[in-house]
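Comments concern the structure below.
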Amino acid sequence: MKAKILIVEDEPAIQELLVFNIMEAGFHALRADDGDSAWLQIKNHVPDLILLDWMLPNTSGVVLAKQFRADVRTKDVPIIMLTARGEERDKILGLESGADDYITKPFSPRELMARIRAVLRRHLPEMSDETVAVGGLELSPSAHRVTCAGTSIDLGPTEFRLLQFFMTHAERVYSRTQLLDQVWGTQVFVEERTVDVHIRRLRVELEAVKKEGLIQTVRGSGYRFSVN
Ligand code: CA
């Protein structure tokens, strides 16, 4: 699951730099150079994070951040504000408008990527590329690998995403519909019993390392990943 990052930046050189670094880090980059083009992008793909420049033509980043917070599609999407203005009162204004974090230009791409990862980790743990270890399993999103005490477990792409979601949301019950939304995405039409098919496959793979019990069926509700 690649996180989609919408970059709203009107300066072509900075936009290029951002796109390059975001793609290099393994994320999907969407670009816009003003408010109108940002909304056009959002109509097609709701991003997982928005990098928003403060000084934009027509509508400023502060006004746009407020619009994003007020729209049902983007109200929960984390925003990192980019700005050349480093004053404390600007920072406060940026955060008050709904931004989650704030970075001052010129910024180092490394620092920016660290901020992006931190925000994604907070908002979307399943989108993080850091290794997750729960219940004796270790899952590495960047290497696309799951191991148990050194033994590699071979999973199909859907089972991998399903396990990644479970491991980052352990001990909670999810209905089939919720799993479809979270793991398959809202853009595709899949029947609920598809979830059962992939859960079954995942359990079969986990059986090889005696970990099938981690995925529990909660009668009448759905499924839960639990170490208890
Ligand atoms: Ca600008």
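The values are calculated or read from the model by the stated rules, or taken from the named source; none is laboratory data. Everything numeric here is computed off the predicted structure, so don't read it as measured data. Backbone-built Cβ (ideal geometry, glycine too); neighbour counts: all protein chains shown. Heavy atoms of the whole protein, side chains included, go into the accessibility calculation; ligands, DNA and RNA do not. Shrake-Rupley method; radii C 1.70, N 1.55, O 1.52, S 1.80 Å.
In order along region 214-228, the Karplus-derived 3J(HN,Hα) couplings, from 6.51 cos²θ - 1.76 cosθ + 1.60 at θ = phi - 60°, round to 5, 9, 9, 8, 10, 3, x, 10, x, 10, 9, 9, 9, 8, 8 Hz, and Gly and Pro are given as x.
For region 1-137, the antiparallel share of DSSP beta bridges with both residues in that region comes to about 5%. What the Cα convex hull of region 39-160 gives, in volume per residue, is 140 Å³. The label point for residue 219 and the one for residue 105, both projected 7 Å from the Cα toward the Cβ, are 6.1 nm apart. What the phi angles of region 147-152 give under the Karplus curve with 6.51, -1.76 and 1.60, with θ = phi - 60°, is a coupling list of 10, 9, 6, x, 8, 7 Hz, glycine and proline written as x. Amide H contacts of residue 105: 83, 84, 85, each under 5 Å away and 5 or more positions distant or on a separate chain (H built 1.01 Å from N in the peptide plane; Pro and chain starts excluded).
Taking 0.36 nm per residue of separation and subtracting the Cα-Cα distance, full extension of the segment from residue 204 to residue 72 would add 43.6 nm. Computed over protein heavy atoms with a 1.4 Å probe, the accessible surface of the chain works out to 52 Å² per residue.
Rounded to whole numbers, the Karplus 3J(HN,Hα) couplings from phi for region 165-178 are 4, 4, 5, 8, 9, 5, 6, 10, 8, 10, 6, 4, 4, 5 Hz, using 6.51 cos²θ - 1.76 cosθ + 1.60 with θ = phi - 60°, and x at Gly and Pro. The GNM of the chain, with springs linking C-alpha atoms under 10 angstrom apart, assigns the highest mean-square fluctuation among 122, 193, 176 to 193. Working from label points 7 Å from Cα in the Cα-to-Cβ sense, the residue 11 to residue 45 distance is 2.5 nm. Given bins 5 angstrom wide, list per bin the percent of all Cα-Cα distances in the chain, short to long. Binned Cα distances yield the sequence 1, 6, 14, 16, 16, 13, 11, 9, 7, 5, 2, 0. Placing a label point 7 Å from the Cα of residue 227 along the Cα-to-Cβ line, the residues of region 200-219 whose backbone N sits under 18 Å from it are 209-216. Just going by the charge dipole of region 41-124, with Lys and Arg at +1 and Asp and Glu at -1 on Cβ, which of 63, 50, 84 is farthest out on the positive end? Selected residue: 50.
The amide H of residue 153, built 1.01 Å from its N in the peptide plane, has 146, 147, 148 as neighbours under 5 Å, considering only residues 5 or more places off or on other chains. What pairs from 4/91; 2/210; 66/91; 4/75 go past 21 Å between their alpha carbons? Correct reply: 4/91; 2/210.
With R₀ set to 45 Å, the beta-carbon distance separating residue 143 from residue 85 gives a calculated FRET efficiency near 0.70. Take the Cα of residue 197, step 7 Å toward its Cβ, do the same at residue 92, and the gap between the two points is 5.7 nm.
From its DSSP helices (H runs of at least four residues, each -39,500 (n - 2.57)), the chain gives a residue-normalised ellipticity at 222 nm of -11500 deg cm²/dmol.
The distance from the alpha carbon centre of region 184-228 to that of region 58-81 is 35 Å, rounded to a whole number. Work out the length of the dipole vector of the chain about its Cα centre, built from +1 on the beta-carbon of each Lys and Arg and -1 on the beta-carbon of each Asp and Glu, and round it to the nearest 20 debye. With only Lys, Arg, Asp and Glu charged at Cβ, the dipole is about 800 debye. Taking amide hydrogens as placed 1.01 Å from N in the peptide plane, the amide H of residue 3 sits under 5 Å from those of 28, each at least 5 positions away in sequence or on another chain.
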